[in-house]
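Since every read-out is calculated from the coordinates, none of them should be taken as a lab result. Keep in mind the model is a prediction, meaning the values are calculated, not measured. Ideal geometry is used to build each Cβ from the backbone, glycine not excepted, and the neighbour counts take in all protein chains shown.
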Amino acid sequence: MYRMLFCFPWLLCFCHEYTEQNVNAQEKEDVQRPNIVFLFSDDHAVNAISAYGGPLKDVAPTPNIDRIAREGAVFVNSFCANSICGPSRATILSGKHSHANGFMRNGNKFDPSQWTFAKELQKSGYSTAVIGKWHLSSNPVGFDHWEVLPGQGNYYNPVFLQMDGSKQKNEGYVTDLTTDKALSWLETRDKTKPFMLMCQHKAPHRTFSPALRHLGSFDQVAIPEPDTLFDDYANRSKTLAANEMEIDRHFDWAYDAKVRKDERGDVKLPAPDRYGTPEYNRMNASQRKAWDAYYGPLNKKFLSEFAAGKLKEKELVRWKYRRYMRNYLSTVKAVDENVGRVLDYLESNGLAENTVVIYSSDQGFYLGEHGWYDKRWMFEESFRMPFLIRWPGHVKRGTRAKELIQNIDYAPTFLEMAGLSPPSNLHGKSLVPLFGEGGNWRKSLYYAYYELGEHAVPQHFGVRTDRHKLIYFPLSREWNLFDLKVDPHEMRSLHEDSGYQSKLIELKSELNRLRGKFEAPPYPRPRTSP
Ligand code: SGN
Ligand code: CA
């Protein structure tokens, strides 16, 4: 009880007998229950957050996100249950794996009648809002206020769907506008209640389009190349080589690399060139002018070097990698600045002390590792999900928590912070005990990816412990086993290695145990006989 009181001093009002002085207990309680600000982005890899200390720590433009880590905690072993957008969001809201909340792949429709933590907080007296990317098809439920991007949303001059069904077109850059709307809701909210705000950015999702003020921010920066940029996909599932997310073979020239067709003259670039320039097409004249002033001369130089045969094979991949990373990191820069705007707002309005601030993103992303962009695979870079939290007086400053956590845990965590008990059928566990002295925690995580085709990543299922990872690819009936201690880049499956047979048996049984515990559906049937 003492620990509960330390964590939740407002519980004291439940311990007193009801007296005259407690007439305003409910009011007092509402003032003291913590506010929750959930800052969320789309496809922000932990490697592009300096506080995670990865290979890009010296170039990642994240001073404000790092500040959350410095003044609170960074969870260094935080993972997604199904590394793709809609499913990750559905898991966060429901506290359950995809098969149980019904949102298994992008394009599904979230069933709004199911239990969510937002509904529960709203019912218990919180003011609730979600602003920005939503991507769950059905309208948000459980929020007093929402303004969301349709589908994937756009970077420049985006439309926001309104609660009355209308569409509001806005001039400007999506990350700034999402924050403007979030801050304006904070200003106008019902100030007698605690609040829960989900401020959800589109960035840095494809097509990695920076705010115009940030074009060129990384041109003078040496961005280290990942060791696995030229992965040959040997010694693992044969499905890897069939992927369609390589910087080399699939990064689109106009769409991703931002070399428009009308800039190319007679120069012929190799495939692919399937998409146009939808974001450029949305810009007004002055925005295009700024864009062209930056990319125009660089593209001209690139095209002339390419035409002169100076950029071939690996050098061409390296050029695309640099273009990709400069755009991606510039896009992150605006996310971070806008995180800073929210932190400043909380501070200057006396809200910082009693507001939990979390920064997370719907899943990880490949920044050239294995030669890739995009996500989906259970390999570390996309399986990992950022989770940083500041809660003054509750989360010790500068904590680097090592427990295996997952997005199934967010809903029960929010509930416990608000003094509510989670329903017993959730799959996740509250992280609140980890803010203090820790204790018994799970030893393994379950992963399930169900999409059917985009970027040619096959369905796969797996388990991860603190050191090992087992992945099953049911369509090709293949197992992959990695020892992350000896092979952190996951370049060689050990499932046939004689030294790992007992580990293989142990992990298969752990995977089955988790699938049983979560009542997972049967694996999809193989496409061909073995
Ligand atoms: C879009 C992207 C894909 C991306 C998916 C899923 N193509 O379809 O590259 O993998 O979203 O991303 S795009 O041409 O529309 O940019 S997710 O974050 O929504 O899951
Ligand atoms: Ca995403």
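Our summary gives the stretch 54-139 a relative contact order of 24 percent, counting only alpha carbon pairs under 8 angstrom and 6 or more residues apart.
Here the simple spin-label model places points 7 Å from the Cα toward Cβ, and for T399 and F230 these points are separated by 4.4 nm. Using θ = phi - 60° in the Karplus curve 6.51 cos²θ - 1.76 cosθ + 1.60, the 3J(HN,Hα) couplings for the stretch 264-275 round to 8, x, 8, 6, 9, 9, x, 4, x, 8, 8, 10 Hz; x is entered for Gly and Pro. Across the chain, C-alpha contacts under 8 Å between residues 6 or more apart give a mean separation that, scaled by the residue count, equals a relative contact order of 23 percent.
Once backbone amide H atoms are built at 1.01 Å from N, N154 has V159 as its partners under 5 Å, excluding neighbours fewer than 5 places away on the same chain. Based on the Cβ-Cβ distance from K109 to N281, what FRET efficiency comes out when R0 is 25 Å, to the nearest 0.05? About 0.30, to the nearest 0.05.
The stretch between D344 and K485 holds 46.7 nm of extra length on full extension. This uses 0.36 nm per residue minus the Cα-Cα distance. Here's the list of aspartates and glutamates a cross-link from K485 could span, going by alpha-carbon distance under 12 Å and ignoring same-chain residues fewer than 8 apart: D466. When both the stretch 142-187 and the stretch 459-530 are represented by their alpha-carbon centers, they are found 41 Å apart.
Under 1.5 on a/c is rounded, so check that first for the stretch 381-438, then, if it is not, pick prolate when a/b is larger than b/c and oblate when it is not; a ≥ b ≥ c are the square roots of the alpha carbon gyration tensor eigenvalues.
Verdict is oblate for the stretch 381-438.
Projected onto their three principal axes, the Cα atoms of the stretch 191-254 cover extents of 60, 34, 24 Å, largest first.
Look at the Cα gyration tensor of the chain: its axes a ≥ b ≥ c give a/c of at least 1.5 with a/b at or below b/c, and that counts as oblate. Can you figure out the FRET efficiency of Q501 with D164, using R₀ = 60 Å and their beta-carbon distance, to the nearest 0.05? After rounding, the FRET efficiency stands at 0.45. The antiparallel fraction among DSSP beta bridges confined to the chain stands at about 50%. Taking amide hydrogens as placed 1.01 Å from N in the peptide plane, the amide H of F195 sits under 5 Å from those of N35, I36, S127, each at least 5 positions away in sequence or on another chain. The packing ranking, built from the mean of other Cβ atoms within 10 Å per residue, places the peptides 263-270, 353-360 in the order 353-360, 263-270, highest first. Three principal axis extents describe the C-alpha atoms of the stretch 78-197; from largest down they are 38, 36, 31 Å. Share of pairwise Cα-Cα distances greater than 15 Å in the stretch 58-109 is 58 percent (whole percent).
Cross-linked pairs K402/K503; K320/K375; K133/K238; K133/K333: Cα-Cα separations exceed 29 Å for K133/K238. Distance from the alpha carbon centroid of the stretch 276-329 to that of the stretch 57-95 works out to 30 angstrom.
Here the peptides 400-413, 473-486 are ranked by packing, the mean other Cβ count within 10 Å, and the order with the highest first is 400-413, 473-486.
Mean projected area of the convex hull spanned by the Cα atoms of the stretch 340-466, taken over all viewing directions: 10.2 nm². Close amide H contacts of Q406 (hydrogens built in the peptide plane, cut-off under 5 Å, sequence separation of 5 or more or a different chain): F79. For the stretch 460-470, putting each phi into the Karplus relation 6.51 cos²θ - 1.76 cosθ + 1.60 with θ = phi - 60° gives couplings of 7, 9, x, 9, 10, 10, 5, 10, 10, 9, 10 Hz, in residue order, rounded to whole numbers and with x for Gly and Pro. Distance between the 7 Å Cα→Cβ label points at D190 and K268: 6.6 nm. Note on N139 and E315: the extension gain reaches 58.8 nm, defined as 0.36 nm multiplied by sequence separation minus the Cα-Cα distance.
FRET efficiency for the pair R213 and D58, taken as 1/(1 + (r/R0)^6) with r the Cβ-Cβ distance and R0 = 30 Å, rounds to 0.85.
Karplus-based coupling profile of the stretch 119-131, in residue order and whole Hz: 4, 5, 5, 4, 4, 8, x, 7, 7, 10, 8, 10, 10, with θ = phi - 60° in 6.51 cos²θ - 1.76 cosθ + 1.60 and x standing for Gly or Pro.
Can you pull the percent of Cα pairs in the stretch 454-517 with separation above 15 Å? Here the long-distance tail beyond 15 Å is 51 percent of all Cα pairs in the stretch 454-517. Here the stretch 289-365 is assigned +1 on the Cβ of each Lys and Arg and -1 on the Cβ of each Asp and Glu. Its dipole about the Cα centre then comes out at about 860 debye. Rounded to the nearest 20, the Cβ-based charge dipole of the stretch 240-322 about its Cα centre (Lys and Arg +1, Asp and Glu -1) stands at 280 debye. Would the stretch 236-375 count as rounded, prolate or oblate if I go by the C-alpha gyration tensor, calling it rounded below 1.5 in a/c and otherwise prolate when a/b exceeds b/c, oblate otherwise? Oblate shape, in that a/c is at least 1.5 and b/c is the bigger or equal ratio.
Take 494-506, 428-440 and order them by the average number of nearby Cβ atoms within 10 Å per residue, most first; the result is 428-440, 494-506.
As a test of the definition: which semi-axes, in Å, follow for the stretch 240-322 when you take the square root of five times each eigenvalue of its alpha carbon gyration tensor? Largest first, please.
Computed over the stretch 240-322, the values are 23, 17, 10 Å.
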